[in-house]
Every structure is written in C-alpha cells, then in structure tokens.
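The next block holds one structure in the form of structure tokens; read it before the comments.
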Amino acid sequence: MKLLHTADWHVGKTIKGQSRIAEHRAVLADIVRIADAERVDVVVIAGDVYETAAPNPDAEALVLRTLLDLRDTGAQVVMLAGNHDNARRFEAVRPVFAALGVTVLGEPRRATDGGVIEHAGAGGDVRLALLPFCSQRAVVRTEQLMGLDASQTAGLYDERMRRMIAHLTEAFTGDAVNVVALHGMVTGAHLGGGERSAQTHDDYCIGSVAFPAHAHYVAVGHVHRTQQIGGAAPIWYSGSPLQVDFGDVEPEGNVLVVEATPSTPAQVRQVAVSGARRLRTLRGTTEQLRALAGTTGDDFLRVFVEEPGRVGLGEEVRELLGEGVVEVRLQPREREPGSDRRRGGRPGYDTPHGLFAAYLDDQGIDDPRLNRLFAELLDREAS
C-alpha cells in the first residue's frame, strides 16, 4: 500500500494583501503530479485546507478542482477539516463528494458512521481512522471548563481525545494497513512558526501514547514543519507544502509518501513540492541592503532597516530590492537600561507635539520634516 500524506495548504492565504493563488495553483498541481507519478492508493489531506473558515471563490474553486484531479489519479482521497476550516461547511458538501468518490469529514464521527473507512487498493487493503480538528469546547463540557484550572482542563482534553482515538482504532485488524489521520497538536511537536497560537498550547495537546502500536502510520496536520514524533506507532506531520507566513522556518515544502504492508512497518519518504515563492526576512542598513539588490529573485521579502526612519525610506527599499518587498520595518533601537520614555520622562509629554515626538523617538524615526508636517496638520485642524 502506498499513501500520500499532505496537510496545511492554507489556500486563500495572502501576504500583506497580495494574493498567493498563483502559488497555490502551482503547488497543488505539483502534489497531483506526485500522487500520479507515485501511483499512490490513498491521499490523506489532514486539515487546514483553507486559510479561513470563509474562503473566497478562487480558493474554493482551486481546492475542489484539486480534489477531483487527485481522484482522477485513481487514489482514494480523504480530506479532514482543520482548525482554520469550517467544519460545518465540510459536512454540508460531504454527501456530494461521497457521490464523486472523495471522502470529506468536518466533524468527528463514530467508527460505524464514517469515522473509519476502508479502501481496497492495488497495493492492498487500507483501514483509516479519521479525526478532524476538535475544539476544546467540543470535548470538555462547559461546567468542567468553568470549574477547573488550566492543567486540569488540558488533561481532560487529552483524555477525551485518547478515548476517541481508542474507539476509532478498535476497528483495526491485522489483515490491512491501519492508518490514523487527524488534525491536532501532538505533544513534542516543534512548531513551524506560522501556526495559530490559540490551538497550539498545552490545553490542546494530545499525548503520543494515544496512538496504538498496531497503527502502521499516523498522519497528522496542524504543525507546518515536517517531523516525526516519538511513539509506539510512526507519527508524522507532513508540514505545509509552502511557507505559510514569514514565521515558518522551512523554506521548502514537502509531502510524505508512505509505503507499508499489513506485516511490515511503514517506510516514509519526504518528497519536495515545487511552485511556491520563498518568504525571506532581510536586515541591514540601506547600504547593506543595496548589496543584495538583484539576488532575491521572486522571493517575498520582509525587510528590517537598521537605521533611523525618514520620509520615503520604504519606497527607497522597494526600489533597491524590487516588487517582492511586501513589508518594511524599522529595526527597534536598543534602549539603555533604566531608560524610560513614558510620562514624566520627557518634558512636554502631555502636549500633542510632545506625544508625537515621543512616538517618533520610540520608533527610531529621526526626520524633522515629520515634526513640521505634524505641526501643520495640527494647526490646520485647530483653525
């Protein structure tokens, strides 16, 4: 049996207002190409398919077309909802996709009601236990949340998730390749840097002991960095196939190709995905940045300028580095120990001019023209 594991597409993501739909179109086309070339039996998309719960039409059209293209490779396609996705929307289209031969699951279900599916492929039988993202409030009753501290609440979430996984994996047998697919935070995972922090803290952690040794493979989505988590079964995050945000530490995206039989352990290969633009952060003075001109290709750039601000600095940086610059920031200056620019630390702080001057000082901006412009605007407003 051969399986392709991917997750965290985040289709519809923008970078400072710039659409990334062209990147996503190229990346998803490459994933279809890999699935076809590898002749996989199953494709698992383990959540966070969209960037938001209300994707725009272009994002939705691309995902739906990709699901059908993956199906046309001959693979059984399974898509789970992540914390960025709209679980109820997934459930609404579930019957339509079922008729098209694609499994979509937005909310947890019992094993006998779609929580476990079987597939007889060219490489053998596969049994998949499916668990979309579960919010804390969905598994821990309100009165328990109100009456317990954070550590107790985290324990309850972990306990309930273990019970659900145990229920689903009861259906595993020795004559098939047994796979768990879910979207969640497994204890020990290292964040990629661009994840939503509200669902990555301890309250949402699932211990790796939740996954039984007789699972051949555990396909997880949620964390953007490709990695294996220690456990009795092979537990893997595929990572995102492209850098979702500047915080993501992996410049190249992957999918995972997994091969196993009922009697042999899973062999996992990382396969690079092409089509995405790299997200880079540059730092330096304008002279240092000038030396990088012409070397950044089509990368998206976030630039920290390490010198006092002035009018037109952003435009100057964009002229140096090109259209890939999506954000220009001033590098905060180190404050001297014990210094205090707050009220009382600067004469005239209680006047508009003093407040504006203090703001410019805090931001490391030294441009007298801004002070003059502020004074003119203030006078115009007062007249």
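The values are calculated or read from the model by the stated rules, or taken from the named source; none is laboratory data. Here the structure is a predicted model, which is why all the values come from computation and not from measurement. Cβ: placed from backbone, ideal geometry, glycine included. Neighbour counts: every protein chain shown. Heavy atoms of the whole protein, side chains included, go into the accessibility calculation; ligands, DNA and RNA do not. Shrake-Rupley method; radii C 1.70, N 1.55, O 1.52, S 1.80 Å.
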Item checked: Rounded to 5, percent antiparallel among DSSP beta bridges of the chain -> 35
Check: Using modelled backbone amide H atoms (1.01 Å from N, in-plane), which distant-in-sequence or interchain residues come within less than 5 Å of H10's amide H?
Finding: V49, Y50
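What shape does the stretch 63-121 take by its C-alpha gyration tensor, where a ≥ b ≥ c are the square roots of the eigenvalues and a/c under 1.5 counts as rounded, a/b above b/c as prolate, and the rest as oblate?
On the way: a/c = 1.92, a/b = 1.17, b/c = 1.64.
Judged from the Cα gyration tensor, the stretch 63-121 comes out oblate (a/c at least 1.5, b/c at or above a/b).
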Check: FRET efficiency for E252 and D36, Cβ-Cβ distance as r, R0 = 22 Å, nearest 0.05?
Finding: 0.60
Next item on the list: From the P(r) of the chain, can you give the percent of Cα pairs sitting at distances over 34 Å?
Entry: 40
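Counting only protein heavy atoms and using a 1.4 Å probe, what share of the accessible area of the chain belongs to carbon plus sulfur, as a whole percent?
So the carbon and sulfur contribution to the accessible surface is 49 percent.
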Check: Cα extents of the stretch 1-55 along the three principal axes, largest first, in whole Å?
Finding: 41, 20, 13
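In percent, how large is the relative contact order of the stretch 11-67, given Cα pairs closer than 8 Å and 6 or more residues apart? Provide the component values of the computation, followed by the final result.
Working: 33 pairs, mean separation 29.1, N = 57.
The normalised contact order for the stretch 11-67 reaches 51 percent.
Just the accessible area per residue of the stretch 1-139, please: how many Å² with a 1.4 Å probe?
On the way: 5470 Å² over 139 residues.
Counting only protein heavy atoms, the per-residue value for the stretch 1-139 is 39 Å².
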Next item on the list: Hey, can you grab everything whose amide H is under 5 Å from the amide H of I365? Only 5+ residues off in sequence or another chain; H modelled, so Pro and N-termini drop out.
Entry: G309
Check: At a probe radius of 1.4 Å, what is the per-residue accessible area of M161, in Å² to the nearest 10?
Finding: 0
Note to self: What do you get for the angle between helix 21-38 and the principal long axis of the chain? Use alpha-carbon atoms, 0 to 90 degrees, nearest ten.
What the structure shows: 30
Note to self: Would you calculate the convex hull of the Cα atoms in the stretch 276-337 and tell me its volume per residue in Å³?
What the structure shows: 82
Notebook entry, point to check: Near the amide H of R39, under 5 Å away, which other amide H atoms are found, from residues 5 or more places off or on another chain, if H is placed in the peptide plane?
Noted result: none
Check: R372 to T14: FRET efficiency via 1/(1 + (r/R0)^6), r the Cβ-Cβ distance, R0 25 Å, to the nearest 0.05?
Finding: 0.10
Note to self: Assuming 0.36 nm per residue, please report the length gained on full extension of the stretch A92 to Q267 beyond their Cα-Cα distance.
What the structure shows: 59.5 nm
Next item on the list: Give, to the nearest whole percent, the P(r) tail of the stretch 1-112 beyond 17 angstrom, counting all Cα pairs.
Entry: 52
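Report the extension gain between E327 and A213 in nm, rounded to one decimal, defined as 0.36 nm multiplied by the number of residues separating them, less their alpha carbon distance.
On the way: separation 114, 0.36 × 114 = 41.04 nm, distance 4.71 nm.
So the chain would gain 36.3 nm between E327 and A213.
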Next item on the list: Could you work out the relative contact order of the chain, using alpha carbon pairs under 8 angstrom and six or more residues apart, expressed as a whole percent?
Entry: 14
Check: With θ set to phi - 60° and the Karplus curve 6.51 cos²θ - 1.76 cosθ + 1.60, what are the ³J(HN,Hα) couplings of the stretch 51-62 in order, to the nearest whole Hz, using x for Gly and Pro?
Finding: 6, 10, 6, 10, x, 6, x, 5, 5, 5, 4, 5
Next item on the list: Could you work out how far apart the two model spin labels at Q363 and T295 are, taking each label as a point 7 Å from the Cα in the direction of the beta carbon, and quote it in nm?
Entry: 3.0
Checklist line | Tilt relative to the chain, helix 352-362 - C-alpha long axis, 0 to 90 degrees, to 10 | finding: 60
Margin query: Given the whole protein assembly as supplied and a 1.4 Å probe, what does the accessible area of R127 come to in Å², nearest 10?
Written below: 20
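At 1.4 Å probe size, put S263, S240, S208, S19 in order of accessible surface, largest to smallest.
Values: S263 105, S240 5, S208 30, S19 80 Å².
My answer, sorted largest first, is S263, S19, S208, S240.
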